[in-house]
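Asks: Handing you a structure now.
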Amino acid sequence: MKLPNEILDAWNMFVVGGDIMWMLGLVALLLYTAAFAALAYVSVGNLNTRQADLWPEWIDQPDQASGRLGEALQYVLHGPRLTVRIVSRRFDEVRLKILSAIDHRLLVVNTLVAAAPLCGLLGTVTGILGMFGALAKSGGKAGMTGVANGMQEALITTQTGLTIALPGLFIALIVKARRDHIASTLARLECLILTTRFPKSS
């Protein structure tokens, strides 16, 4: 079975890039695994304002609430003797648990996004060293071949590192925006609970 030309070209580019390409492949695998896991974490559930019209009903009867928002409400509002201090403390715990989990995932993604161009830069250095080594060892056609191979390695690894990093950066920005939306949703929900359950305190 003959492979398509695009796959063969990609494999040839991978081989020309040298050993650094294996490192870049590992970084890409880890980066996109972590990025899509983080994106799934902030996308699944109802920690948003789409069901805001149901919030007053859920605050009165937390057992009817569903999803992650329901779990948060049931934890915050359980118990017979609720006070403003208790509700605020429980909301702080909910925020810490949810937002710190997102922040941890974002830290991993951003670290790998930064690592991809650095690995490409390492390939640039090794490619340039290969060029100088080829010039030092021999001249003529063999030397020019070594220079060309070193230049290819330097450029391919740099290009690959940037190509890996840019989509990961955009995914990280999307996750960050949704993380901020979740934080604002929790703050809005807390404010609604305090104003409806404890009108005299507000």
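The values are calculated or read from the model by the stated rules, or taken from the named source; none is laboratory data. Just so it is clear, the structure is predicted and the values come from calculations on it, not from any experiment. Ideal geometry is used to build each Cβ from the backbone, glycine not excepted, and the neighbour counts take in all protein chains shown.
Asks: Would you please name the residue that is farthest from Pro167 (Cα to Cα), looking only at residues in the stretch 17-40 that are surrounded by fewer than 16 Cβ atoms within 10 Å (Cβ to Cβ) and either over 13 Å from the mean Cα position of the chain (by Cα) or of a type in the set (S, T, N, Q) (or both)?
Replies: Asp19
Asks: Go through Gly143, Gly127, Gly120, Gly161 for me and flag whichever is under 30 Å from Leu31 (Cα atoms), at pLDDT below 85 and not aromatic (Phe, Trp, Tyr). Full working, then the answer.
Replies: Values: Gly143 fails: under 30 Å from Leu31 (Cα atoms); Gly120 fails: at pLDDT below 85; Gly161 fails: at pLDDT below 85.
Of Gly143, Gly127, Gly120, Gly161, the one residue that is under 30 Å from Leu31 (Cα atoms), at pLDDT below 85 and not aromatic (Phe, Trp, Tyr) is Gly127.
Asks: Whether any residue in the stretch 153-164 is of a type in the set (A, V, I, L, M) and touching a Ser or Thr at 6+ places or on another chain (Cβ under 6 Å) is what I want to check.
Replies: Checked against the condition, which is being of a type in the set (A, V, I, L, M) and touching a Ser or Thr at 6+ places or on another chain (Cβ under 6 Å), the stretch 153-164 yields at least one hit.
Asks: Quick one: how many residues across the stretch 64-97 are outside any helix (DSSP H, G or I) and touching a Ser or Thr at 6+ places or on another chain (Cβ under 9 Å)?
Replies: 1
Asks: It is to be established whether one or more residues within the stretch 97-104 are modelled with pLDDT under 95, closer than 16 Å to Cys191 by Cα and among the charged types (D, E, K, R).
Replies: no
Asks: Also: Where residues in the stretch 134-193 are touching a Lys or Arg at 6+ places or on another chain (Cβ under 8 Å) and of a type outside the set (Val, Ile, Thr), which of them is nearest to Tyr32 (Cα to Cα)? Full working, then the answer.
Replies: Residues of the stretch 134-193 touching a Lys or Arg at 6+ places or on another chain (Cβ under 8 Å): 143, 146, 175, 183, 186.
Then keep just the ones that are of a type outside the set (Val, Ile, Thr); that gives 143, 146, 183, 186.
Numbers: Gly143: 39, Gly146: 34, Ala183: 24, Leu186: 28 Å.
Out of the qualifying residues, it is Ala183.
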